[in-house]
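Participant: Dumping the structure here so I can ask a few things about it.
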């Protein structure tokens, strides 16, 4: 079943308007601002603009252009080249010089923010595009004789996109400038708004979601419209919004109590930017939003992806079950394969877990999600040359240790697991004890020395990882500094099980790839987190939704007895589950910050791997915990990104993020 990505229709007028956007100095094009970069404009009266919307097809074309950043952002949604792409889960070769690594190194500054390192410009730019679309549509409404319901829906989608882009800014920057109307074109610099209070921003985003939800359908009949906003999408984003707002960083524990505006005042809040008083009602509101989103999703047919759907897909694609060290149980192996399919199977494949996902082009997905993960050498081409991926997306040793054992407990807390003193000793061939007896998600999403990376990658045959062999997947400086694994571990998440090299080229299996932006398992864990924050009265509900995720993952339920044995609280148990279930999906970056765990988790002392950056090491030399030799550095300022220097200095009402 074909799912096509949303993208602008390429017509002559579309090309003209694209040129207009490119000619703008910086963001929020056509809004009327002329006094600062991120809200700069081009002239509003041009021959091209008046006749852009000539029929309903052209309306949809322009609407799709409003999604264009989302498509690009979601295609690269929290990937290795995104600022929020790593957290403490993985590292990359330092030579890649990607945004996510520079964030780990504390290298992002107001000066670098003006170029490649900061999403401030591109998000405000897209908000400007949405405002322009709404104005053009309103002006053309009578001329086009649009169906009133269609008109309301298009406006609703635009409002949702404004909400989403503002929310993305809020997560990156905290209190932000709200673009809630088109200002006068001759506005003075002193009248350009600065940052609004965080809670005010939350209410504004919610108001846009509410307005959009009232006019959007629950779902679309055509799979080609799969990525478009729905009323269900609005509910799910609202749940994320209020969970984010209720978190300690924004609910009384912001580290800088002196940070506030000096000139600009938020209506009802004055100069304050952040509330420094804990408010339990924020968690109450977040819980309610999560409940409503889950109930609506389940009523619309959303459900966790399961083995039955996965097995149908696997058999249709003739993909063998994986070989897992020490595991012969067929159900376990089927579950591992199901978890691999879960991240890229579409609704047409029987995956109804994705509440909102963005289909994208195969080449883009290979470049930004698969290529960095796949081992360096997989096989030989027909001409005899070695072929493979970049093999540089390297999970940290901390990540490996956070995934559970087969008993659903972290290795360090599982009294029945191999003693820690023996973790790095060989168990079977090249495989060490730490990689034996683990849960299905471990084998679905992580790879290690001696592991079968994929059942088909090697020309339709299994591809095994040989991390100590410099002539295959191991470190070899002469190959080039970019193509190596830093920690000795690799990621498999997002790599399609039926993807393989043919001898002439990679198979074109990514056309219908869907990047999950919000999926049901995440909402279950969001609700469980809210319940845990609200105390014992909601403990049973928290355990119910936590254990729904664990049951699908194939690990035992959490009970009071389980937590008594591990010594962890219900909240910590849920956060542990979030780490594993949402690994490499971009949530970890924000979970660390929401709970002010930066000093603990993002300090260089927390970044270890195996001794993988050695040519041809022995088994004993390789399996030695080694501190990652990169300039990783935590600073409290990293809780927020900086406003680009050009926008900060050109806007009198703007205050910089703390510490920059």
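The values are calculated or read from the model by the stated rules, or taken from the named source; none is laboratory data. Keep in mind that this is a model prediction, so the values were computed, not measured. Ideal geometry is used to build each Cβ from the backbone, glycine not excepted, and the neighbour counts take in all protein chains shown.
Participant: Exposed (fewer than 15 other Cβ atoms within 10 Å of the Cβ), at pLDDT 95 or above and not in a loop (DSSP other than H, G, I, E, B): which single residue out of 621, 561, 577 fits that description?
Facilitator: Working: 561 fails: at pLDDT 95 or above; 577 fails: exposed (fewer than 15 other Cβ atoms within 10 Å of the Cβ).
That would be 621, the only listed residue that is exposed (fewer than 15 other Cβ atoms within 10 Å of the Cβ), at pLDDT 95 or above and not in a loop (DSSP other than H, G, I, E, B).
Participant: Of the residues that sit in segment 564-574 and are in a helix (DSSP H, G or I) and in contact (Cβ under 8 Å) with a residue 12 or more places away in the chain, which one is nearest to the chain's Cα centre (by Cα)? Break it down into steps so the answer makes sense when it comes.
Facilitator: Restricting attention to segment 564-574, the residues satisfying the condition of being in a helix (DSSP H, G or I) are 564-566, 570-574.
Going one step further and asking which of them are in contact (Cβ under 8 Å) with a residue 12 or more places away in the chain, we end up with 565-566, 570-571, 573-574.
Working: 565: 33, 566: 30, 570: 25, 571: 22, 573: 22, 574: 19 Å.
Once the filter is applied, the top-ranked residue is 574.
Participant: May I pose another question? Starting from residues that are assigned to a helix (DSSP H, G or I) and at pLDDT 85 or above, keep the ones in segment 366-402 and report whichever is nearest to residue 463 (Cα to Cα).
Facilitator: The selected residue is 400.
Participant: Somewhere in segment 145-154, is a residue more than 28 Å from residue 232 (Cβ to Cβ) and modelled with pLDDT under 90?
Facilitator: Yes: one or more hits.
Participant: Here is a further query. Of all the strands (runs of 3 or more DSSP E) wholly in segment 423-533, which have at least 3 residues that are outside the structural domain of residue 326 (by TED's automatic domain parsing)?
Facilitator: The strands (runs of 3 or more DSSP E) meeting that bar are 514-519.
Participant: In segment 312-329, which residues are out of contact with any helix residue (DSSP H, G or I) (no Cβ under 6 Å at 6 or more places or on another chain) and either in the same structural domain as residue 230 (by TED's automatic domain parsing) or in a helix (DSSP H, G or I) (or both)?
Facilitator: Within segment 312-329, 312, 315, 316 meet the criteria.
Participant: Now for a different question. Search segment 471-490 for residues being within 27 Å of the chain's Cα centre (by Cα) and surrounded by 24 or more Cβ atoms within 10 Å (Cβ to Cβ), and hand back the single one that is nearest to residue 385 (Cα to Cα).
Facilitator: Ranking the candidates gives 485 first.
Participant: Let me ask something additional. Can you give me the number of residues within segment 534-558 that are outside any helix (DSSP H, G or I) and surrounded by fewer than 19 Cβ atoms within 10 Å (Cβ to Cβ)?
Facilitator: Qualifying residue count for the region: 4.
Participant: If you take the residues in segment 276-287 that are part of a helix (DSSP H, G or I) and in contact (Cβ under 8 Å) with a residue 24 or more places away in the chain, which one is farthest from the chain's Cα centre (by Cα)?
Facilitator: 280
So that you can scan it fast, the table gives a plain yes or no per residue for (1) within 23 Å of the chain's Cα centre (by Cα); (2) assigned to a helix (DSSP H, G or I):
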{"site": "170", "(1), (2)": "yes, yes"}
{"site": "175", "(1), (2)": "yes, no"}
{"site": "180", "(1), (2)": "no, no"}
{"site": "190", "(1), (2)": "no, yes"}
{"site": "195", "(1), (2)": "no, no"}
{"site": "210", "(1), (2)": "no, yes"}
{"site": "215", "(1), (2)": "no, no"}
{"site": "219", "(1), (2)": "yes, no"}
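Participant: What single numbered condition from (1) buried (at least 22 other Cβ atoms within 10 Å of the Cβ); (2) part of a loop (DSSP other than H, G, I, E, B) fails to hold for residue 205?
Facilitator: Result: residue 205 passes all but (2).
Participant: Considering only residues of segment 118-151 that are touching a residue at least 24 places away in the same chain (Cβ under 8 Å) and outside any helix (DSSP H, G or I), which is nearest to residue 69 (Cα to Cα)?
Facilitator: If we take residues in segment 118-151 being touching a residue at least 24 places away in the same chain (Cβ under 8 Å) and outside any helix (DSSP H, G or I), then 119 is nearest to residue 69 (Cα to Cα).
Participant: Do you know which residues across segment 403-422 are farther than 21 Å from residue 605 by Cα and outside any helix (DSSP H, G or I)?
Facilitator: Selection gives 404, 405, 406, 407, 408, 409, 414, 415, 416, 417, 418, 419.
Participant: Working carefully through the options 136, 161, find the one that is crowded, with 22+ Cβ neighbours inside 10 Å, more than 29 Å from residue 271 (Cβ to Cβ) and in the same structural domain as residue 83 (by TED's automatic domain parsing).
Facilitator: 161
Participant: Further, regarding this structure: Select from segment 349-365 the residues that are closer than 20 Å to residue 297 by Cα and at pLDDT below 85 and list them in ascending order. Can you show your working first?
Facilitator: So in segment 349-365, the residues closer than 20 Å to residue 297 by Cα come out as 349-359.
Those that are closer than 20 Å to residue 297 by Cα and at pLDDT below 85: 358, 359.
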